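The values are calculated or read from the model by the stated rules, or taken from the named source; none is laboratory data. Here the structure is a predicted model, which is why all the values come from computation and not from measurement. In this analysis, Cβ positions are derived from the backbone assuming ideal geometry, glycine residues included, and neighbour counts consider all displayed protein chains.
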Amino acid sequence: MKCRSTLFLLLASFATFGNAAEPAASTLTSARLDQVFLQSAKLDQKDVAGVVTDEQFLRRVSLDLIGRQPTPDELAVYLLETSDTKREAAVERLLASPEFGANWASYWSDVIGYRVPPPELTFLDYTLFEQWLAGRINENAPWDETVRMILTATGKVKDHPEATFVGFHGADTTRLAAETARVFMSLQIGCAQCHDHPFDEWKREQFHELAAYFVRASAKMPWNDSGEIEIKDKGKGEYEMPNVADPTKKGTMMVPAFLTGTKLETGKTDIERRKELAAVVAGRDNPWFAKAYVNRIWGRLMGRAFYEPADDIGAGNEPQLREVHQPLTAHFVASGFNAKSLFRVIINSRAYQQRLAEQSSTSENPYAAGRTTKLRGDEVFQSLVTAIDLPNVTPPRTAPTKEIRFPPPPKSTKDVVAEVFGFDPSLKPDDISRTLGQAMLLMNNDQLQAQINARPESGTALSKLLAAELDNAKVVSRLFQLVLARKPTESESKIAMEHVSSQSGRGDAFEDLLWSLINSAEFTTKR
Amino acid sequence: MTMATPLLDLSVDRNGLTNRREFFVKLGAASAAGVITLGWRDMLVAQADELRRQGKAMILLWMDGGPSQFDTFNPKIGSPNQGPARAISTSVAGVQFADFWPQTAMLMDKLAVIRSMRTPEAEHDRAITHVRTGFPPTPAFRYPTFGSLVAREREDLSYDLPAFVRIGKPRIKTRDVDAGALGVRFSSFNVDEAGKLPSNVRPVVPADTLRRRLALTDQFDSQFAAAGGAKEVADKKSIYDRTARFVLSPRLETFDLEREPDSLRDAYGRTNFGQGCLLARRLVEQGVSFVEVISTGDRNDAGWDTHNNGFRDTPYLAAEVDPAYATLLQDLSDRGMLDKTLVVWMGEFGRTPKIKPDGGRDHYAKGWPVVMSGAGVRGGQIIGATDIDGIDVTDRPISVADLCRTFCRVMGMDANEEYHTTDNRPMKVVDGGKVIDELFA
């Protein structure tokens, strides 16, 4: 019974047992979530598309939790399971996988990194930050504690990767005020830097009071290596809000104060200021902190956040499904900012497991069916590794010389794929475009094409498969499982088999097939 | 013999090969006997028609880092600020250039030299944003660079090459600007090194194989569309159609500089910038609307940002740009293309009159030069002036908005148009400024 502990957790999270493990009143179950979801979305159970098949479920949940589709072996083992709680058990296995932390660390690194203007002469490398954050996520360290570490870090990035956020922003007061609010609270206070916010309630003073928490932090930008960025206390200074009427005149000194009104006195050290800020940002009394986290996670899992874009939960933005957002947020707070618990509640719901709408579906209600989303850059790379063993090759590094002082660091295959397919995860899903570069990479990239080679001497998975399996129908099925993590439908088999028989060379035919699956819209989509 | 290839390609219209046939049919119908004899002159006529139909093109020669006005097109002989560069005469009496520009000087009759740019920004990132987008930098909004505005104006889904191509890499990537709020659809297609097609463009399998595979993947996509993936499939299809047209285009040959005679390649100079200028001509010839060629110098990564050792580095930089620039103008002119192509030479600002001890100059945004040719610009004229020591503008200060409005006029774009960004925000093409009328007088 390898699932004993898992089962216990599951039962606990169902919260139907009035025993000692009874959860707090605000704890939510997946079943309760579904009730709230249907009510809020004004849906009858009979109008809903129904849940995905086991195959579809495993791909969806693997992409969402570990950032890649399942391997054919993982799929086969899963399909053989007969337990009623096999989906819940799969969720637990994936939440326990180290790939879970890596995937979500990469998400947060993108959330932060896409809005960090790279400094002129330093190449920002997020690898250490991602490794650190992956570790935290895998331990299921509480999110509030993690954010407090990020906001209060000092020292060199290479020794304290949590210093990345403050360090990569160069300890810039106004950027950190705007980004702390946006990344961790989904508040857009950036325009209050220059004037009162046009829609939300923010006043210009509030922006600069927030900036005042960072005024004594300094970050030295070294040439080339971002690991050498070091955050230190300046030892003195207070923050001044610039004089808008005449920028040459002295500004107004600001006392550090949080958006809710909590104030700190002046004269405090850098670490005192940032500790205080971290306590109010990542605290239970902050009305935005948990709400912002839940909004982002729901958005990524469901294909659409309560508030879009996901980094704007301000008063000027009208949310969807407010009645769902509220209890999920309460659950997250009550669980002590336990991320895995939040994932578990959402993913084990029918709402999450809804299928896509068939073409014949007539429901106008956008919540009556599941929603497709584009895979993130790292997810595309990991999926290519799973599908065709794409190797990750890093060219040698060039050392700086007197003439070429800033040689760009080499890009690994993973870097290239992640960059081409990457996007800012805070964007509205509709604003994420496919690009010429993405199409060209999947169509023509030589490293990728080398894996789509049927000749025996190539040593590829495809060539081995063709040598080992003489039944073409089985090869077709296996390729679908490798690339799309499912068996082909009857009509897909037919299309594939017709293609195979129309070609004179067996190898050529299956190269075409593998290429076509890698280049299919489905491969880069979560369905 | 080698000349025939580009000229033949000229007759290919924007729809690629299919319409090449139509072109011959049209020419055939025009000659009563139905016999086509394509002589040199016919080709030139066809080429001119073709370019007219496509509208004007623009080539921006970008001097990354900010070149010194004293060492280029506004020498101040006799001033203590001049430094070691001497002046040379040009093909127009009374106009002098710094002596690092002997070939360009001989083409002064084709150049309109603005000596009076006066702009507010003297830091690279801010100046680059301002000069390349037409708007002062603001954290609130990512304005698109001019090439992206052109790409948007000229978007033609049936055209197989990108409308906006950039050749060479900016010196420091972080200072770069792109399509910004217009979205990736209008960003530049980047060729880092002229003569080398960027990776992933050329198919690794024969064209027939690629077409066969595309047809097969289409069938699977239809299945997915029917199963709820319609939106993703439609998104994918629009980008794959465009990509397939590009990577399967016979006009990919345009990027191959081996097709040019060695003598011409030598004349442009065997440098990244020189070969980039040659590629720019080949692209414009094929109907690309906006080409940017970046000069950073092949020797180091300081480019035109000659704070240190400027007197050592500037002659090297100029020696790369002078033959390339002059050969480009002459080549365009010889092919009858200069009338339809605006060629602009500029950087983000100029350099300080004050000379540093090692011969370098810092950033300076008062009285810096921009040079224009072609597309109706009257050559042989100087616009604006600075004082005898090059400290400030004394006549006809020109702003970035003036410049952008002038580009719009040449490109046939409405500078007052409001367009919408990807998030539906209305934006102006240019804010303020006036067309520099004397350029065309």
Filter segment B:178-210 down to the residues that are buried (at least 22 other Cβ atoms within 10 Å of the Cβ) and more than 7 Å from every other protein chain (Cβ to nearest Cβ), then identify the one that is modelled with the lowest pLDDT. B:Leu182
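Sort out which residues of segment A:117-170 are more than 14 Å from chain B (Cβ to nearest Cβ), of a type in the set (Asp, Glu) and either over 21 Å from A:Ser186 (Cβ atoms) or touching a residue at least 40 places away in the same chain (Cβ under 8 Å) (or both), and write them in order of number. Even if it seems obvious, please write down each step before you answer.
Initial filter on segment A:117-170 (more than 14 Å from chain B (Cβ to nearest Cβ)): A:125-167.
Narrowing further to those that are of a type in the set (Asp, Glu): A:125, A:130, A:139, A:144-145, A:159, A:162.
Those that are more than 14 Å from chain B (Cβ to nearest Cβ), of a type in the set (Asp, Glu) and either over 21 Å from A:Ser186 (Cβ atoms) or touching a residue at least 40 places away in the same chain (Cβ under 8 Å) (or both): A:Asp125, A:Glu130, A:Glu139, A:Asp144, A:Glu145, A:Asp159.
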Quick one: A:Leu482 ticks every box in (1) closer than 20 Å to A:Gly67 by Cα; (2) within 10 Å of chain B (Cβ to nearest Cβ); (3) surrounded by 20 or more Cβ atoms within 10 Å (Cβ to Cβ); (4) touching a residue at least 60 places away in the same chain (Cβ under 8 Å) bar one, so which box is it? (2)
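Looking at segment B:341-359, which of its residues are over 13 Å from the mean Cα position of the chain (by Cα) and closer than 26 Å to B:Ala326 by Cα? Spell out the reasoning first.
Of the residues in segment B:341-359, the ones over 13 Å from the mean Cα position of the chain (by Cα) are B:348-359.
Those that are over 13 Å from the mean Cα position of the chain (by Cα) and closer than 26 Å to B:Ala326 by Cα: B:Glu348, B:Phe349, B:Gly350, B:Arg351.
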Only one of (1) of a type in the set (S, T, N, Q); (2) under 22 Å from B:Lys236 (Cα atoms); (3) touching a Pro at 6+ places or on another chain (Cβ under 6 Å) fails for A:Gln449. Which number is that? (3)
What is the residue count in segment B:347-359 for residues that are buried (at least 22 other Cβ atoms within 10 Å of the Cβ) and in contact with a helix residue (DSSP H, G or I) (Cβ under 9 Å, 6 or more places away or on another chain)? 4
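Looking only at segment A:508-524, which residues are within 9 Å of another protein chain (Cβ to nearest Cβ) and either of a type in the set (Phe, Trp, Tyr) or under 13 Å from A:Gln438 (Cα atoms) (or both)? Lay out the reasoning, then the answer.
Our first condition is that a residue be within 9 Å of another protein chain (Cβ to nearest Cβ); within segment A:508-524, this holds for A:508, A:511-513, A:515-522, A:524.
If the condition is that a residue be within 9 Å of another protein chain (Cβ to nearest Cβ) and either of a type in the set (Phe, Trp, Tyr) or under 13 Å from A:Gln438 (Cα atoms) (or both), then A:Trp515, A:Ile518, A:Asn519, A:Ser520, A:Ala521, A:Thr524 are the ones that fit.
Give me the strands (runs of 3 or more DSSP E) completely within segment B:384-437, filtered to those with at least 1 residues that are more than 23 Å from the chain's Cα centre (by Cα) and in contact (Cβ under 8 Å) with a residue 60 or more places away in the chain, ordered by residue number. Spell out the reasoning first.
Values: elements: B:393-395, B:418-420, B:426-428.
Where strands (runs of 3 or more DSSP E) fall fully within segment B:384-437 and carry at least 1 residues being more than 23 Å from the chain's Cα centre (by Cα) and in contact (Cβ under 8 Å) with a residue 60 or more places away in the chain, they are B:393-395, B:426-428.
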Any residue at all in segment B:209-224 that's over 30 Å from A:Ser491 (Cα atoms) and in contact with a His (Cβ under 9 Å, 6 or more places away or on another chain)? no
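Please return the ranges of helices (runs of 4 or more DSSP H) entirely within segment A:388-479 where 2 or more residues are within 12 Å of another protein chain (Cβ to nearest Cβ), without any contact (Cβ under 8 Å) to a residue 40 or more places away in the chain and touching a helix residue (DSSP H, G or I) at 6+ places or on another chain (Cβ under 7 Å). Before the answer, list the steps.
On the way: elements: A:413-421, A:436-444, A:446-450, A:461-468.
Because the criterion is at least 2 residues that are within 12 Å of another protein chain (Cβ to nearest Cβ), without any contact (Cβ under 8 Å) to a residue 40 or more places away in the chain and touching a helix residue (DSSP H, G or I) at 6+ places or on another chain (Cβ under 7 Å), the helices (runs of 4 or more DSSP H) in segment A:388-479 that meet it are A:436-444.
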Meets criteria (among the charged types (D, E, K, R) and in a helix (DSSP H, G or I)) for B:Asp339: yes
Whichever residue in segment A:358-387 is closer than 23 Å to A:Tyr114 by Cβ and within 12 Å of chain B (Cβ to nearest Cβ) and, among such residues, is surrounded by the fewest Cβ atoms within 10 Å (Cβ to Cβ): A:Arg371
So A:Ala171 fits all but one of (1) buried (at least 22 other Cβ atoms within 10 Å of the Cβ); (2) at negative phi; what number is the exception? (2)
Filter segment B:230-264 for residues that are in contact with a strand residue (DSSP E or B) (Cβ under 9 Å, 6 or more places away or on another chain) and either aromatic (Phe, Trp, Tyr) or more than 12 Å from chain A (Cβ to nearest Cβ) (or both) and give the result. B:Phe246, B:Phe255
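Sort out which residues of segment B:164-177 are of a type in the set (D, E, K, R), within 11 Å of another protein chain (Cβ to nearest Cβ) and touching a residue at least 24 places away in the same chain (Cβ under 8 Å), and write them in order of number.
Within segment B:164-177, the first condition is being of a type in the set (D, E, K, R), and the residues that meet it are B:166, B:169, B:171, B:173, B:175-176.
Right, trim to within 11 Å of another protein chain (Cβ to nearest Cβ) and you get B:169, B:171, B:173, B:175-176.
Correct list: B:Lys169, B:Arg171, B:Arg175, B:Asp176.
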Restricting segment B:211-229 to residues that are of a type in the set (A, V, I, L, M, F, W, C) and more than 7 Å from chain A (Cβ to nearest Cβ), the one surrounded by the fewest Cβ atoms within 10 Å (Cβ to Cβ) turns out to be B:Ala215
Answer yes or no as to whether B:Ile128 is closer than 23 Å to B:Ser295 by Cβ, in contact with a helix residue (DSSP H, G or I) (Cβ under 9 Å, 6 or more places away or on another chain) and more than 9 Å from every other protein chain (Cβ to nearest Cβ). yes
Any residue that is within 13 Å of another protein chain (Cβ to nearest Cβ) and surrounded by 19 or more Cβ atoms within 10 Å (Cβ to Cβ) - is there at least one of those in segment B:145-157? yes
Quick one: is A:Gly135 outside the structural domain of A:Asn338 (by TED's automatic domain parsing) and under 29 Å from A:Gly237 (Cβ atoms)? no
